[in-house]
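Participant: The structure is given below, and queries will be raised subsequently.
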Amino acid sequence: MTGQMANIGGQPILILPEGTLRSRGKDAQRNNISAAQAIGDAVKSTLGPKGMDKMLVDSLGDVVITNDGATILEEMKIEHPAAKMMVEIAKTQDKEVGDGTTTAVVFSGELLRKAGDLLDMEVHPTMITKGFRLAKEKALGILQKIAVDVTIEQTKTLEKIAETAMTGKSAEKVSDKLSHLAVKAVKKIADGAKVDTNDVKIEKKTGGSIEDTDIIEGVLIDKEVVHSSMPKKMEKANIMLLDSALEIKDLEGDAKISIDSPEKMQAFIDREENALKGMVEKVTKTGATVLFCQKGIDDLAQHFLAKAGVLAVRRVKKSDMEMLTKATGAEIVTNLNSASKTDIGYAGSVEERKISGDDMVFVEQCKKPKAVTLLIRGGTDHVVDEIERAMIDAIKGIGASLELGKIVSGGGAPEIEVAKELRKYADSFKGREQLAINAFADALEVIPRSLAENAGLDPIDKLANMRAYHDKHGIHGGLDVFTGEVVDMQKRGVIEALKIKVQAMKSASEAAELILRIDDIISASGSGEPAMPPGGMPPGMGGMM
Ligand code: ADP
Ligand code: MG
């Protein structure tokens, strides 16, 4: 395609540099739609509890085995611009809700597939996007209507939400225990009805078994006490958080000191020693008995701290420092010279304990009891990572449910119900808008269809069963992928946050709209090869699936 010429007054003018690739109109749309579809299809087989895992091998040979949509897309190193938009959907979903990434991406891919069909029928992209927008607004209203209330007191319900979020991951075998822990952790950090799931700190330690995963009521720091003659345990600890180094700065630049006699040498050493001693005194003067330092602590300073009976930990992660601020009420000290008693925080106990042979520091009985750490254990790194993802899904799922105070049924129930109502709604429109609204409804059913397919069930049969259930028995009929039956998902305890569906619907249709509005792809030469054969895999995905 050579489209980089403009023709003004009969004189062709080169407006784009040599070698620029350009595709326009239908070609551009096709290209983008195929790429987006390819992404949707790539993660489709992982949807639901019976979804398959994917093994991802990066260029260094590192392996990730997962069925987590966001993780898969993250690892795939996707390059096609439209495909990248799909990855953005997953990221947004992950950030906003923490679960439902596969759902969002699969739905968006299907929405674009349906849009492609409409384009084939010569429906203009603007009409399609208009219909999709109408459908989305209506769908959000229907979702609100079919959602069920939930509060933080409903422990059993919250545990079911956690379990639903975890099914299908390796965590499933111990999902009873893990969902119990997830709810316990969330309840601990809840501030009335307000929940910030970031307040649950997650630490991983390979070793032991999944059953050893537990909650620590406090903050767990994956570091050891810095000096062997320091106390390993401090009760009623006064805690200083310091984010500068307890070291003497190296002489910088051209500054030189010339030491030409043993006396000068001694004087120099004394000066350094005194400086460090002075720093340590500034720490102890505040009454601190425990020091968490974000930077380094010089050997000599360690020695002085030990002599003063201070328990010190160095090179603490910034995120841990922030967690410690919240838990202990300490202010982070940036300049030791201005450190004072008011900066000091409190915990009933700070202790170094061994976990699988590694020393970790437990900060417990914190001033603010809302601090909670989830310590994840498991036999291998793969297991621990997968449990972590499952726990994050569970905790975020509970958080998202409480945020809106509403849940929906799982197993494809809401998608079937919304599709059904949307089709009725579509009848009130004529022609092309009606087509687009119906296409949106059809696209939604990709979720129950994929759940059935992935469970080895006949998707056409199961869709028919589900639609029939919704006509006769109501809105909660979903597919139990373990028995193949269509049952009331509220009774079966397969429930999830309304927010998952709301966010998935919003970002999927936004991305579809964005992609449909592009009718011209101009890519600079050397920006890689963005175009791909229709229906083919975008670059970077070859051989992955
Ligand atoms: P996502 O990344 O979208 O969260 P998942 O692989 O976690 O993808 O699958 C989520 C889907 O699986 C949801 O539609 C949810 O309702 C469904 N699901 C979860 N547990 C069950 C179950 N026991 N039976 C049927 N469907 C389930
Ligand atoms: Mg999920």
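The values are calculated or read from the model by the stated rules, or taken from the named source; none is laboratory data. Note that the coordinates shown come from a computational prediction; the quantities given were computed from them, not determined experimentally. Don't worry about glycine lacking a Cβ; one is built from the backbone with ideal geometry, like all the others, and counts go over all protein chains shown. Ligands, DNA and RNA are stripped out before the accessible areas are found, and what is left, the full protein with its side chains, is counted by its heavy atoms. Shrake-Rupley method; radii C 1.70, N 1.55, O 1.52, S 1.80 Å.
Participant: Can you pull the percent of region 219-368's accessible area that's carbon plus sulfur, 1.4 Å probe, other chains left in place?
Facilitator: After summing per-atom areas, the C and S share lands at 49 percent.
Participant: Name the residue from S338, L422, G357 whose Cα lies farthest towards the positive end of the charge dipole of region 325-463, charges +1 on Cβ of Lys and Arg and -1 on Cβ of Asp and Glu.
Facilitator: S338
Participant: For region 219-368, what does the accessible surface come to per residue with a 1.4 Å probe? Please give it in Å².
Facilitator: 53 Å²
Participant: Give me the number: length gained by fully extending T380 to E224, i.e. 0.36 nm times residue separation minus the C-alpha to C-alpha distance, one decimal in nm.
Facilitator: Difference between extended and current length: 53.9 nm.
Participant: If I model a spin label as a point 7 Å beyond the Cα along the Cα-Cβ vector, how far apart are those points for R423 and Q154 in nm?
Facilitator: So the two model labels end up 2.9 nm from each other.
Participant: Over region 409-468, give the accessible area per residue in Å² for a 1.4 Å probe, as an integer.
Facilitator: I get 37 Å² per residue for region 409-468.
Participant: On full extension of the chain, what length is gained from S349 through K184, given 0.36 nm per residue of separation minus the C-alpha to C-alpha distance? The partial results should precede the final answer.
Facilitator: Working: separation 165, 0.36 × 165 = 59.40 nm, distance 2.14 nm.
Answer, rounded to one decimal: 57.3 nm.
Participant: Straight distance only, please: which lysines reach the Cα of K430 with their own Cα at less than 23 Å, same-chain residues fewer than 8 apart left out?
Facilitator: Within the straight-line cut-off, K430 pairs with K114, K130, K136, K138, K420.
Participant: Further, regarding this structure: With a sphere of radius 13 Å drawn around the Cβ of V150, what net charge do the other residues whose Cβ falls strictly inside it have (Lys, Arg +1; Asp, Glu -1)?
Facilitator: Charge balance in the 13 Å sphere: -1.
Participant: For E137, project a label point 7 Å along Cα to C-beta. Then give me every residue of region 436-462 with its amide nitrogen under 15 Å of that point.
Facilitator: 437
Participant: Using a simple charge model, +1 on the beta-carbon of Lys and Arg, -1 on the beta-carbon of Asp and Glu, nothing else, what dipole does region 219-368 show about its Cα centre, in debye to the nearest 20?
Facilitator: On the way: 23 positive and 25 negative charges, 128 e Å.
Dipole magnitude for region 219-368 comes out near 620 debye.
Participant: By accessible area of protein heavy atoms, probe 1.4 Å, what ranking do K462, K156, K184 get, highest first?
Facilitator: K156, K184, K462
Participant: Considering only DSSP beta bridges whose two residues both sit in region 219-368, what percent are antiparallel, to the nearest 5?
Facilitator: That works out to approximately 65 percent antiparallel.
Participant: Moving to a separate point now. Along the charge dipole of region 78-195, pointing to its positive end and built from +1/-1 on Cβ of Lys, Arg, Asp and Glu, which listed residue (T151, T103, L134) has its Cα farthest out?
Facilitator: So the residue we want is T151.
Participant: Among S228, N238, G278, which residue has its Cα positioned farthest towards the positive end of the charge dipole of region 219-368, with +1 placed on the Cβ of Lys and Arg, -1 on the Cβ of Asp and Glu, and the dipole taken about the Cα centre?
Facilitator: The listed residue farthest towards the positive side: N238.
Participant: Over 32 Å between Cα atoms: which of K95/K223; K177/K341; K326/K506; K184/K424 fall into that group?
Facilitator: In this structure, K177/K341; K326/K506; K184/K424 exceed 32 Å between Cα atoms.
Participant: What do you get when you divide the Cα radius of gyration of region 219-368 by 2.2 N^0.38 Å, with N the number of residues?
Facilitator: It is 1.11.
Participant: Stretch F268-T342 to full length: gain in nm at 0.36 nm per residue minus the Cα-Cα span?
Facilitator: Additional length available on full extension: 23.2 nm.
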